[in-house]
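Data first, discussion second: the structure below is written as structure tokens.
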Amino acid sequence: MVATSTSSKKDVFDVHTSVLFDSKHKTFHSDLSITVDPTSGLITKVYKRKDALPNHITPPDIDLRGKTVLPGFVDAHTHIFLHPYSDTPSMYQMRDESMVERILRATNHCRAALLAGYTTYRDLGTEGLEDADVAFRNAVNRGIVPGPRLFVATECITSSAGYEVRQENARPGGTMIPRISDPADGVDGCRAAVRRRIGAGADIVKFYADYRKKALRFPKESWPGARPICFPPADDLGVNEARNPNIVLFTQEEMDVMVQEARVSKAPIAAHAGSPEAVIMAAKAGVDTIEHGYYRSDEALKAMKDHGVIFVPTLSVIELEAPRAVMDASFAQTRGAFDLGVELACGGDTGAFAHGDNAREMELMIEAGVPILDVLQAGTLHGWKACGKDLAGRRFGSLEKGFAADIIALDSNPLDDIKALRQVNFVMKDGKVYKKDGNPVGII
């Protein structure tokens, strides 16, 4: 990682640090400088300083001494078109909010995330806006909208009626509801669905290995004055509830062919999977990541380990929606994954809670018992791995030669105080500064 040299080229600049996190080796280095090429947005050199620097650093060089410097954070599970469910449930957002409003909100969400130190988002579904994330990603990449680097999934793939907005008044002429997934059935249908997603511009494919599709069997009261169903099945901890259980949505052959087609298309593939059965099937199919996986299961952990799957536990959304007993099970599953050697990536299902509060996922991972240095790696380098490694088209998540100049600085060291993760003083993405001395730069 470190070379012994100095830089004198006028077309580059140096970022000087006193404490820098090495995400590959999970350690901190002192007195390193990073040479950045602003034209390519890449790091061209990381070197150990031989001589003391002057107290005042002359621009364009940047002085981050006295701060804790890390690669830009990666949130590996987001939804830019969603805002907190505490504002309004997702059904109302998808059904009632206009496309214009949702896109404008997404602009604010991306700004908040970038200023919080998140330079990359893996955005796993538009939740009712079809392929709008493709155009939004392109607007960010063109410099029109400031925000994290986006890797988008467009619509997620499910089997028929697997993931949709469910309502009792669904007859023709009833309330109009948006499509929130791309349904596919059978081996040929699943292969075609992956091809549709790639053709629509997706960076990553996502499918639902399981979901709760039986909401209308014992529907809950969803409008003012609705009468409750008499004598519904009792809930089991609020997740594997008999009233609306998780159901596996695809056969093994269907999952296998989706992974195969993603590989042909040179795209990473993620699986939403809650139940152990769905986790095991998706892992055997060869997905890159498992999202959620909140049931405690040694068999599911072994399947992820055996097949080299990255686990994105989304503890933040589980904290938001599930009872404490489920949260404890999710903590145990996350710690079990770490103990077994399953790679973890930080992704909170951000959007269900506020963009800009992304650090909650790292805080919860630490609470689950994952050592903080491993959490910092999960929130940086492993985020790049979750985006497909070199399939992403750009390297990020580590401060080394050839990687994107995504550099953030915290006011203090998270080893001393976990609150430091929310005290982001400086943000650079692709060699461009977006936050300095705690204030936005060039962002209204």
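Return the inverse of the average 1/r over all pairs of distinct C-alpha atoms in the range 14-95, which is the Kirkwood hydrodynamic radius, in Å to one decimal.
15.9
Describe numerically, in nm with one decimal, the distance between label points set 7 Å from Cα along Cα→Cβ at Glu367 and at Met176.
4.1
Grab every C-alpha pair in the range 117-255, bin the distances at 5 angstrom width from 0 up to the longest one, and report whole percents.
Pairs per bin, as whole percents: 2, 9, 14, 16, 16, 15, 12, 9, 5, 1, 0, 0.
Short version: ³J(HN,Hα) in whole Hz for each residue of the range 171-177, in order, from phi by Karplus 6.51 cos²θ - 1.76 cosθ + 1.60 (θ = phi - 60°), x for Gly and Pro, what are they?
Those phi angles translate into 5, x, x, x, 4, 6, 10 Hz.
Once the piece of chain linking Ser222 and Ala52 is laid out straight, how much longer is it, given 0.36 nm per residue of separation minus the C-alpha distance between them?
54.6 nm
Step through the table entries Lys385/Lys435; Lys284/Lys401; Lys302/Lys389, compare each Cα-Cα distance with 30 Å, and write down the pairs that go over it.
Correct reply: Lys284/Lys401.
When N is the residue count of the range 184-269, what does its C-alpha Rg come to as a fraction of 2.2 N^0.38 Å?
Relative to the rule-of-thumb radius for its length, the range 184-269 sits at 1.48.
How far is it, in nm, from the label point at Arg195 to the one at Lys432 when both lie 7 Å from their Cα along the line to the Cβ?
Placing both labels 7 Å along Cα→Cβ, they lie 3.7 nm apart.
Bin width 5 Å, origin at 0, all Cα-Cα pairs of the range 327-444: what percent of pairs per bin?
The percentages, shortest bin first, are 2, 10, 16, 22, 22, 16, 7, 3, 1, 0.
At a temperature of 37 °C and a viscosity of 0.692 mPa s, determine how fast the range 107-199 diffuses translationally according to Stokes-Einstein, using the Kirkwood radius over alpha-carbon pairs as Rh; express D in µm²/s, rounded to the nearest whole number.
Roughly 219 µm²/s, to the nearest whole number.
For the range 304-444, give the magnitude of the charge dipole about the Cα centre (Cβ charges: +1 Lys/Arg, -1 Asp/Glu; no others), in debye to the nearest 20.
That gives the range 304-444 a dipole magnitude of about 540 debye.
Assuming R0 = 30 Å, what is the FRET efficiency of Gln167 and Asp298, from their Cβ-Cβ distance, to the nearest 0.05?
Plugging the Cβ-Cβ distance into 1/(1 + (r/R0)^6) gives 0.20.
Please list, ordered by chain and number, the residues whose modelled amide H lies under 5 Å from the amide H of Val19; skip anything fewer than 5 residues away on the same chain.
Residues meeting the amide H criterion: Asp31, Gly66, Lys67, Val69.
Tilt of helix 252-264 relative to the longest C-alpha principal axis of the chain, in degrees (0 to 90, nearest 10)?
Taking Cα atoms only, the helix is inclined about 30 degrees.
In nm, to one decimal, how far is the Ile247 label point from the Lys401 one, both placed 7 Å along Cα→Cβ?
5.7
Give me the lysines in straight-line cross-link reach of Lys220: C-alpha distance below 29 Å, same-chain residues under 8 apart excluded.
Lys220 reaches Lys206.
Taking every pair of distinct Cα atoms and averaging 1/r, then inverting, what Kirkwood hydrodynamic radius in Å comes out for the chain?
For the chain, the Kirkwood estimate is 22.5 Å.
Taking +1 at the Cβ of each Lys and Arg and -1 at the Cβ of each Asp and Glu, which of Ser86, Leu129, Phe73 sits farthest along the dipole of the range 64-167 towards its positive end, judged by Cα position relative to the Cα centre?
Value: Phe73.
Considering the dipole of the chain built from charges on the beta carbon (Lys and Arg +1, Asp and Glu -1) around the Cα centre, which of Ser30, Tyr47, Pro172 is farthest to its positive end?
After comparing all options, I get Tyr47.
For an R0 of 25 angstrom, estimate the FRET efficiency from the Cβ-Cβ distance between Leu391 and Leu340 and round to the nearest 0.05.
The calculated FRET efficiency here is 0.50.
Please list 3J(HN,Hα) in residue order for the range 296-308, calculated via the Karplus relation 6.51 cos²θ - 1.76 cosθ + 1.60 where θ = phi - 60°; whole Hz, with x for glycine and proline.
With the stated coefficients, the range 296-308 comes to 6, 7, 5, 5, 5, 4, 4, 5, 5, 5, 4, 9, x Hz.
Would you mind calculating the gained length between His307 and Thr88 on full extension (0.36 nm times residue separation, minus the Cα-Cα distance), in nm to one decimal?
Gain on stretching His307 to Thr88: 75.0 nm.
Given +1 on the Cβ of Lys and Arg, -1 on the Cβ of Asp and Glu, and no further charges, what dipole in debye does the chain carry about its Cα centre, rounded to the nearest 20?
Computed about the Cα centre, the dipole is about 920 debye.
Which one of Ser265, Met281, His292 has its Cα pushed farthest toward the positive end of the charge dipole of the range 244-301, where Lys and Arg give +1 and Asp and Glu give -1 at the Cβ?
Ser265
Viscosity 0.890 mPa s, temperature 25 °C: what is the translational diffusion coefficient of the range 230-328 from Stokes-Einstein with a Kirkwood Rh over Cα pairs, rounded to a whole number of µm²/s?
The Stokes-Einstein estimate is 171 µm²/s.
Explain nothing, just compute: Karplus ³J(HN,Hα) = 6.51 cos²θ - 1.76 cosθ + 1.60, θ = phi - 60°, for every residue of the range 221-229 in order, whole Hz, x for Gly and Pro.
5, 10, 8, x, x, 5, 7, x, 5
Rule-based calculations on the coordinates, nothing more; no lab input. It should be emphasised that the depicted structure is a prediction, and the values quoted were computed from it without experimental measurement. So basically every Cβ, Gly included, is an ideal-geometry build from the backbone, and we count neighbours across all protein chains shown.
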